[in-house]
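Notes follow the structure.
The values are calculated or read from the model by the stated rules, or taken from the named source; none is laboratory data. Fair warning: this is a prediction, and the values are worked out from it, not measured in the lab. Please note: Cβ atoms are built from the backbone with ideal geometry, for glycine as well, and neighbour counts cover all protein chains shown.
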Amino acid sequence: MVGDYRHDFGGCGLFFGGLIMFSDKVYDWLKWAAIIALPAVSTFVAFVLPLWGIPHASEIAQTITAVGTLLGALLGISSVQYKRNAVD
């Protein structure tokens, strides 16, 4: 639902007082990026860049993987917070 702000990072204390809210559409897009897109891009970079002699392929792939892992963890926190607030 556009405009239905359910997902947040409330209580984790990481962002501006611990609260960031975004729409379901944004949440779904970020989840897709964390689960599908970033791992695929990282794998592509790790295998293709060295074939073309592009330097620092490993470092680039590891950075993309780290960003995807962080995003997945933050989305997991958001999901737990949403479920906790929905039950209350």
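Data overview
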read-out	value
Meets criteria (surrounded by 16 or more Cβ atoms within 10 Å (Cβ to Cβ) and modelled with pLDDT of 95 or more) for LEU38	yes
Selected residue [surrounded by fewer than 12 Cβ atoms within 10 Å (Cβ to Cβ), at pLDDT 95 or above and either under 15 Å from the mean Cα position of the chain (by Cα) or within 30 Å of ARG84 (Cα to Cα) (or both)] from TRP32, TRP52	TRP32
Selection within the stretch 65-83 - modelled with pLDDT of 90 or more and over 15 Å from LEU30 (Cβ atoms)	THR65, ALA66
